[in-house]
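Have a look at the structure below, then the notes.
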Amino acid sequence: MPTRPSRRQFFALGAAAAVLVVPASLRAALPPAQSRFGADDEAVLDALKRVLYGPGADEIDILTPLRETLGFLDEAQQSQLASLPSTFDWLSRVLVPTGAAFATLSEGAQAAALEDWLTSPLPFRRQVGQALRQLVLAHCYTHPVGQAAAGYAGPWLGRHLLPVHALRFGEPE
Amino acid sequence: MRLSGNTVEPEFHRRVQAVVVGTGPGGSTVAKRLADAGLDVLMVEAGAYVPAREFSQNEGEMMRKLYREAGLRTTDNGAMAMLHGSVVGGSSVVNYLDCFRTPETLLFDWVKRFGLPELTPEKLRPRFEKIEEILHVRKLPVANLNLNNDLLRRGSEALGWKGDTFHRNAKDCYGSGFCDLGCSYNAKQSAAITFVPLATSQGATLLTDARVERVLLSGDRATGVEGTLVDEARQSRGRFRIDADLVVVSGGAIHTPYLLLGSGVDDPSGQLGRNFWTHPGTPVCGWYPGQRVANYEGIKQGWYIGEFSDVLNQNPIGALIEGIGAPPGITATIFPGLGLERQRQLQRYNEFTAAGILLRDSVPGRIGVGKGRPSIDWSLAPADAHRMKLAVARCAEAWLASGAAAVLTGHSRVTSIRSTAELAKLDDAGWASGEVALFCFHQMGTARMGHSPQVGVVSPTGRMWAYENLYVADSSLFPTASGVNPQLTIYALADVVADGILHEAAGSQLH
Ligand SMILES: Cc1cc2nc3c(=O)[nH]c(=O)nc-3n(C[C@H](O)[C@H](O)[C@H](O)COP(=O)(O)OP(=O)(O)OC[C@H]3O[C@@H](n4cnc5c(N)ncnc54)[C@H](O)[C@@H]3O)c2cc1C
């Protein structure tokens, strides 16, 4: 179960809500800065995976590669990305005030909440929604299970494939 | 000689005649030319040296290893993905190999408006010839188009539109289709296997895994660079300082201004970081039910439609349409919908073609110094959004003309276009941030060349106006967006800068 936001988080949330129309200030107002995903973030990412990927999502581990991806980022981007899922969660609670954490909602409610972000008239909400959507989907479909489901055979290497396209390079046409 | 920040002593210090920051097309060209001239050159590269045997063709792993910020970088407003390589060879390691000489109409404009006499087509021709020989540039025969690109060709030819196969810098290409994840077969003649080793074979040293954080300045001279050594996990493990008589910054159009601005350079033009051109792109996919297109198999970029280009064909839309292969991770982010609905669409992944629009933007963005990273201030101007819409419509027409049952765009709201009558759907598609998938593969401008500080950040030889020995040599030099894939232009401009350095600085000031 995700923990309830701390007082500091609530403060950040209030500040964030107040500046929703000014996305740049919003970013500054929405710490806590962290360099890796917390349990709340991972719960949100996992829930998003189910909503976005659909049936079979349990076979796909996106958290391990996502943690690895974070490790490759510059510090500033690391902290921005690492707190994106919980930022999404806190703001969802304010904007759709059920009080419940995203990860605890029913799948139908999660899908509706996500759609709400993706189609929001507020650019900032669309951006956050899209960023999470892209992050999760990219990691689902770079996973061998997702790739196989899409009919993508994956790397040639290790499969000892002969070149499919025997190209005749050398002379310009 | 090759050194790595991962293994050198944690307080690394060298003195050389010339230090070059970055090893993409720009940096590697200058490094080679200066080494050829007998200078003691050191190339500093933030990324790692990744040999072909380590290109695993695994999308997730390679995005992390080869791209800056694991390929997740976007503009500050999140509107557009910013893809660029950070590895020995820079983006030339992950690019699609398309080669265009700078269009003549564009060169005439640059010569006239920016006072750049060295950039006439006649003067650049021998440079292009030399570069193309090193990069092994050849025109792709039509017979080698994969089905994706061939369907684009058939569509555009049915409509009577101008188009052609690309020239590519490849040698013995198998068409494995993993160009954007690094070529495991070393068929792609990237800077990493051409200009960089040509420089080291002439005595230049390559220091990898070393991020330059500051250009050291003293009065009207640059005295070297300093920064952080990083380990394999890109974490800091030490510091380095390179003292040099000559500093060349070639970090690409985002990191060059970021580094220079962060170093507090004097910029009388006041334009450093401005004029950030991006060639904004968006995907357009055709659906061919029952046909195995597998757009990612074979040569990913083979055919382009030049009909709507302003620089190639004086068309006011000002866009190229290029066939492109999209691996599943990227494709999944383009297809709209959630859960089962989207999953069903992706099960048809192999039946989809893909092309990308490459728009010659008319309103530039700006690079600045953000919190610990470059800030990228950019949004799609309404006039450019309008031209983008027209280009998407033309691309959709091409797919429909070659038998597509439907066309899918990168918009989250438009589901599909099944006939030319339905192209009107694009009017309500939405081009604001978060409403459409936009990507940028070509970063340009930000330290443009010009005959005076009123016009350019650097002189026609690439020198920062306020310094005797501080040069820029990369895509930052572009006075405007090139309108075609930029790599050959970058190699050529860097070659011009190398001449300038050898003429202006090397003779008199190097110790
Ligand atoms: C996926 C993709 C496909 C592309 N396809 C094509 C194509 O088909 N044809 C074409 O013409 N162009 C293509 N391009 C664009 C082209 O590759 C680039 O425009 C070109 O490589 C830019 O060259 P550059 O020298 O300016 O910079 P880069 O190639 O970006 O090289 C800059 C290097 O400097 C290093 N660096 C930056 N800052 C520092 C620092 N502070 N310290 C140390 N090192 C630093 C970076 O790590 C990087 O390796 C593509 C680009 C991408 C990303």
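In this structure, A:VAL136 does not qualify as touching a helix residue (DSSP H, G or I) at 6+ places or on another chain (Cβ under 6 Å) and open to solvent by 40 Å² or more (accessible area, probe 1.4 Å). Checked against the criterion of being more than 22 Å from the chain's Cα centre (by Cα), open to solvent by 10 Å² or more (accessible area, probe 1.4 Å), without any contact (Cβ under 8 Å) to a residue 24 or more places away in the chain and on the phi > 0 side of the Ramachandran plot, segment B:372-380 contains one or more residues that satisfy it. List every residue pair whose Cβ atoms lie under 6 Å apart, where the two residues are 6 or more positions apart in sequence or sit on different chains, the first residue falls within segment B:12-31 and is closer than 13 Å to B:ALA222 by Cα, and the second residue, located anywhere, is assigned to a helix (DSSP H, G or I) and within 8 Å of the ligand (Cβ to nearest atom). As it stands, the answer is B:VAL20/B:GLY27, since those pairs meet every condition given. Annotation note: of B:ALA393, B:ALA381, B:ALA401, the sole residue that is closer than 19 Å to B:ASN295 by Cβ and away from chain A (no Cβ under 14 Å) is B:ALA401. Of all the listed residues (B:GLN301, B:GLN271, B:GLN291), the sole one being assigned to a loop (DSSP other than H, G, I, E, B), polar (S, T, N, Q) and within 15 Å of the ligand (Cβ to nearest atom) is B:GLN301. Please go through segment B:223-238 and pick out each residue that is open to solvent by less than 40 Å² (accessible area, probe 1.4 Å) and small (Gly, Ala, Ser). Residues satisfying the conditions are B:GLY224, B:GLY227, B:GLY238.
Within segment B:86-102, being in a helix (DSSP H, G or I) and either under 23 Å from A:GLY71 (Cβ atoms) or within 14 Å of chain A (Cβ to nearest Cβ) (or both) holds for B:GLY90, B:SER91, B:VAL93. Give me the pairs, please: first residue somewhere in segment B:427-451 and in contact (Cβ under 8 Å) with a residue 24 or more places away in the chain, second residue anywhere and away from the ligand (no atom under 16 Å from the Cβ) and among the basic types (Lys, Arg), beta-carbon distance under 6 Å, and either six or more positions apart or on two chains. Going by the 6 Å Cβ cut-off, the qualifying pairs are B:GLY434/A:ARG126.
Of B:LEU320, B:LEU312, B:LEU272, all but one fail to be closer than 29 Å to B:PRO257 by Cβ, out of contact with any His (no Cβ under 6 Å at 6 or more places or on another chain), modelled with pLDDT of 95 or more and open to solvent by 20 Å² or more (accessible area, probe 1.4 Å); the exception is B:LEU312. Within segment B:447-485, the set of residues being within 16 Å of the ligand (Cβ to nearest atom), within 30 Å of B:GLY306 (Cβ to Cβ) and touching a Lys or Arg at 6+ places or on another chain (Cβ under 7 Å) comprises B:LEU477, B:PHE478, B:PRO479, B:ALA481, B:GLY483. A search for C-beta distances below 6 Å between a residue of segment B:45-66 that is in a helix (DSSP H, G or I) and any residue that is within 14 Å of the ligand (Cβ to nearest atom) and polar (S, T, N, Q), counting only pairs 6+ apart in sequence or on different chains, returns nothing. Can A:GLN80 be described as open to solvent by 30 Å² or more (accessible area, probe 1.4 Å), under 30 Å from B:SER86 (Cα atoms) and within 11 Å of chain B (Cβ to nearest Cβ)? So A:GLN80 fits the description; yes. If the condition is being near the ligand (Cβ under 6 Å from one of its atoms) and β-branched (Val, Ile, Thr), then segment B:88-108 contributes only B:VAL94. Looking at A:ASP89, is it in a helix (DSSP H, G or I), among the acidic types (Asp, Glu) and open to solvent by less than 20 Å² (accessible area, probe 1.4 Å)? Yes. The single condition among (1) over 23 Å from the mean Cα position of the chain (by Cα); (2) within 15 Å of the ligand (Cβ to nearest atom); (3) modelled with pLDDT of 95 or more that B:LEU147 does not meet is (2). Of all residues in segment B:419-433, those satisfying the criterion of being open to solvent by 10 Å² or more (accessible area, probe 1.4 Å) and in contact with a helix residue (DSSP H, G or I) (Cβ under 8 Å, 6 or more places away or on another chain) are B:SER419, B:THR420, B:LEU423, B:ASP427, B:TRP431, B:ALA432, B:SER433.
As a summary of the residue check, B:GLU59 satisfies the conditions (1) surrounded by 20 or more Cβ atoms within 10 Å (Cβ to Cβ); (2) at pLDDT below 95; (3) more than 13 Å from the ligand (Cβ to nearest atom) except for the one numbered (3).
Return the residue satisfying two criteria in turn: it lies in segment B:435-447 and is open to solvent by 10 Å² or more (accessible area, probe 1.4 Å) and assigned to a loop (DSSP other than H, G, I, E, B), and of such residues it is modelled with the lowest pLDDT. Here the residue is B:GLU435. Restricting attention to segment B:1-56, the residues that are within 14 Å of chain A (Cβ to nearest Cβ) and within 9 Å of the ligand (Cβ to nearest atom) total 2.
Hey, can you tell me all the residues within segment B:342-362 that are of a type outside the set (Lys, Arg), open to solvent by 30 Å² or more (accessible area, probe 1.4 Å) and either closer than 30 Å to B:PRO103 by Cβ or at the interface with another protein chain (Cβ under 8 Å from one of its Cβ atoms) (or both)? The answer is B:GLN347, B:SER362.
Number of residues in segment B:70-85 that are part of a helix (DSSP H, G or I) and away from the ligand (no atom under 11 Å from the Cβ): the value is 1. In this entry, B:LEU246 is excluded by the filter for residues that are more than 14 Å from every other protein chain (Cβ to nearest Cβ), within 13 Å of the ligand (Cβ to nearest atom) and in contact (Cβ under 8 Å) with a residue 40 or more places away in the chain.
The values are calculated or read from the model by the stated rules, or taken from the named source; none is laboratory data. For clarity, every value in this text was computed on a predicted model and none was experimentally measured. Virtual Cβ from ideal backbone geometry, glycine too; neighbours counted across all protein chains shown. Note: areas computed on protein heavy atoms with side chains; ligands, DNA, RNA excluded. Shrake-Rupley method; radii C 1.70, N 1.55, O 1.52, S 1.80 Å.
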